[in-house]
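Notes to accompany the following structure.
The values are calculated or read from the model by the stated rules, or taken from the named source; none is laboratory data. Predicted model, so just to flag it, every value in this text is computed and none were measured. Every residue, glycine among them, receives a Cβ derived from its backbone with ideal geometry; neighbour counts consider all protein chains shown. For accessibility, only protein heavy atoms count, side chains too; no ligands or nucleic acids. Shrake-Rupley method; radii C 1.70, N 1.55, O 1.52, S 1.80 Å.
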Amino acid sequence: MDYASIPNSEFITRWRSVQELMKKKSIDLLFAYGDDRAVFGPAHVRWLTDIPVHFEPLCVMLLPHGDPILLSGPESNQYAILRGKIKDVRVLEEFTHPDEEYPYSTIQSLDGILTNLGWERAHIQRAGIGGLQLINSGTLQTLKNALPDVEWVDLEADLVNLRAVKTPAEIAIIRRAYQIADAGISAAVEAVAPGKTERSVAAAAEAAMRSAGAEGFGIDTIVASGPNARPILARSTFREIQTNDHVLLTLAPRYEGYHGAVGRMVFVGKPDPQIERAYRTAVKAQQACGSRMRVGEPGSTVEAIGRDITAREGYREYFLYSGLHSVGVIEFEPPIFGPGTPGILEENMVMSVDIPLFNAPWGGLRVEDGYLVAHSEAKKLSQSEYYFYR
């Protein structure tokens, strides 16, 4: 099998794009923080150095010139050197566990690292930070104590915008992620039957996705049957699927740091006519959005098409969140377009059209697929069928 990956040269290009951002924003030092928090914690670090963050936080540190430094905990540094693209890895005291001892590790404070590198703190007037919402208050205060006279600037939105348009290498990886998601959908559909638990269906889907190359999942696999499908977010349970149930599937495998996301319904036996009608409306809405998606189109205009179709059929108040968002190192990342969001679609953005109808008297559902934005017509990345009856 041909395993798609990001070439080393592309990471260097990413570092330089961040440094150009720093110059535009007059940033003298930048910290891009990541941890293993589900969904979005690893994003900045994964994009900048290709490390799947786990157990201990990691932080990429850049000046406006030169190569970055990676700050790690004492149990991650050797893995970071082996796996990552940044070879200058320093163990940061602030990332150690207070109850652990590491007698053979070289551990430095941020102040000590800056001194060792010869970076003149007097020249650091403005420090940028990505992942600010992830950092605990103690670690953040330690960073500020090491640079007491510095103005701190939240660069989260700016850093995320650098990832919005995908490169050919990223697109190849994302295509593979959607193929993996399709494999999971097929396995889940085959596993759905009266008497089977939601968790057994989820296990079949995840086994198929792992076998196809998934390294993990951007969100917990959702298999929600009957009343469990009503809320936006669900977790698979030991509930047994019943005859005439509907089963919501939402799968988001992660492959080489990138995601695919597919949402479908499976109808068991004779479906509830209300749910089947709502699902057909959602499919129609998603297809209409996909057909309108092209370079230069306002994202909010595309999203409004799906919202309007569902509203005309009586589902206005069940369309509960923005229906158009990017997919990348986070399963649900900016740009995110709702009714009032500015911005236009650009070539080689990967956008998920996600039609959500939830908290309805009859239950809930989601139809979701990814599209690659192009000048003429967006290319649908998932090949899963829309209708499954068991």
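When the alpha carbon gyration tensor of the range 332-390 is reduced to an equivalent ellipsoid, its three semi-axes come out at 25, 18, 8 angstrom, largest first.
When the helix-only estimate is applied to the chain (DSSP H runs of n ≥ 4, each -39,500 (n - 2.57), divided by the residue count), what is the mean residue ellipticity at 222 nm, nearest 500 deg cm²/dmol?
Working: 10 runs with 127 residues, N = 390.
Only helices count here, giving -10500 deg cm²/dmol.
Can you tell me the dipole magnitude for the range 163-259 around its Cα centre, using point charges on the Cβ only (Lys, Arg +1; Asp, Glu -1), in Debye to the nearest 20?
Roughly 200 debye, rounded to the nearest 20.
Legend: residue pairs K85/K379; K166/K380; K284/K379; K87/K166, Cα-Cα distance threshold 23 Å; pairs beyond threshold, K85/K379; K87/K166. With the convex hull of the Cα atoms taken as the outline of the chain, the averaged projected area works out to 20.4 nm². With contacts taken as Cα pairs under 8 Å at a separation of at least 6 residues, the chain carries a relative contact order of 14 percent. Derived scalar couplings between HN and Hα for the range 245-255 equal 6, 10, 10, 8, 10, 9, 10, 9, x, 10, 10 Hz in order, rounded to whole Hz, by the Karplus curve 6.51 cos²θ - 1.76 cosθ + 1.60 (θ = phi - 60°), x for Gly and Pro. Per residue, the range 240-360 exposes an accessible area of 34 Å² to a 1.4 Å probe, with every protein chain left in place.
Backbone phi angles across the range 340-348, fed through the Karplus curve with coefficients 6.51, -1.76 and 1.60 (θ = phi - 60°), yield HN-Hα couplings of x, 8, x, x, 10, 7, 10, 4, 6 Hz in residue order; Gly and Pro are listed as x.
Largest accessible area first, the listed residues R83, R14 line up as R83, R14 when surface is computed with a 1.4 Å probe on the assembled protein chains.
Any idea what the relative contact order of the range 1-76 is, in percent, if you count C-alpha pairs under 8 Å spaced at least 6 apart?
Worked out over the range 1-76, it gives 27 percent.
Sequentially through the range 316-329, phi angles give Karplus couplings (6.51, -1.76, 1.60; θ = phi - 60°) of 3, 6, 9, 7, 9, 8, 4, x, 9, 8, 6, 10, x, 6 Hz, Gly and Pro residues having no value and appearing as x. Rg ratio for the range 23-103: its Cα radius of gyration over 2.2 N^0.38 Å, N being its residue count, equals 1.10. Across all directions, the average flat footprint of the convex hull enclosing the Cα atoms of the range 288-390 is 7.2 nm².
Placing unit charges on the Cβ atoms of the charged side chains and taking the dipole of the chain about its Cα centre, the candidate lying farthest along the positive direction among Y258, P7, G73 is Y258.
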